[in-house]
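Chemist: Handing you this structure, nothing more for now.
Bear in mind these aren't lab numbers, they're just calculated from the coordinates by the rules spelled out. Just so we're clear, the structure is a prediction, and the values are computed from it rather than from any experiment. Positions of Cβ are backbone-derived with ideal geometry, glycine not excepted, and every protein chain shown enters the neighbour counts.
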Amino acid sequence: MSRRRERGLSPEDRELWQSVARTARPMHPKPLPFRTETPKPGAHSEPRKAPVAEFHIGASRAVNSVAYDLAPTLTERLAQTPVRMDRKTHVRMTKGKLTPERRIDLHGMTLAEAHPALIRFVLSSHESGLRLVLVITGKGRRGHDDGPIPQRPGALKHQVPHWLAAPPLGTVVLQVSQAHHRHGGTGAYYVYLRRRG
């Protein structure tokens with residue numbers, strides 16, 4: 001049986017490597033050091049382990065009270081949308097100083113009932129020349145949730161902004177904002193419509 005060759009470069013291989021390395025263009029501004037010595041067997045350093053906190057029998061474990069929800073809330077998403085209407089009017093609207101000209105209450109409807117009702121309401125309001133309408137969805141209640149994926153309360157509350165941005169309503173809706181507390185707060189939306197063309 002032949003003996004296993006020791007790791008590392010022989011002097012001839014090292015000389016060949018240096019001649020090739022001199023002809024190559026460097027990818028990095030500083031040349032990477034060439035390691036000539038062979039590592040000694042058993043000289044590998046073990047990675048450091050994080051120290052374990054002291055624990056006594058009968059002591060309670062420290063509870064991490066931080067909840068991680070990576071998806072922004074509906075309020076945050078609506079606040080991050082760019083303002084496409086007059087800024088002063090938008091400020092007055094979000095402060096509840098504008099009175100909605102018409103309102104629809106979708107509270108208690110199923111998604112299948114609410115979607116066509118919302119389409120009819122918004123399109124007829126636009127045809128009538130109205131600019132600000134109020135859509136009431138309700139805040140939603142937390143149901144019994146046994147699944148592995150957490151369910152957010154209020155199916156209508158979360159679905160209505162998507163419906164208002166999608167066809168056929170997206171062409172007549174200029175801005176959607178959460179209503180002021182005097183008009184329903186988190187359970188309602190201001191829908192600002194475009195002018196009739």
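Chemist: Can you give the Kirkwood hydrodynamic radius for region 71-143, in Å, rounded to one decimal and based on Cα pairs?
Modeler: The Cα-based Kirkwood calculation yields 14.3 Å.
Chemist: So, one more: Using the Karplus equation 6.51 cos²θ - 1.76 cosθ + 1.60 (θ = phi - 60°), what ³J(HN,Hα) coupling, rounded to whole Hz, does each residue of region 11-24 give in order, writing x for Gly and Pro?
Modeler: Going residue by residue, I get x, 5, 5, 5, 5, 4, 4, 4, 5, 5, 5, 5, 8, 7 Hz, with x marking Gly and Pro.
Chemist: Same structure, new question: Does a label point 7 Å from the Cα of A155, set along Cα-to-beta-carbon, have any residues of region 174-197 with amide nitrogen under 19 Å, and which are they?
Modeler: Once the point is set 7 Å along Cα→Cβ of A155, 187-188 turn out to lie under 19 Å by backbone N, inside region 174-197.
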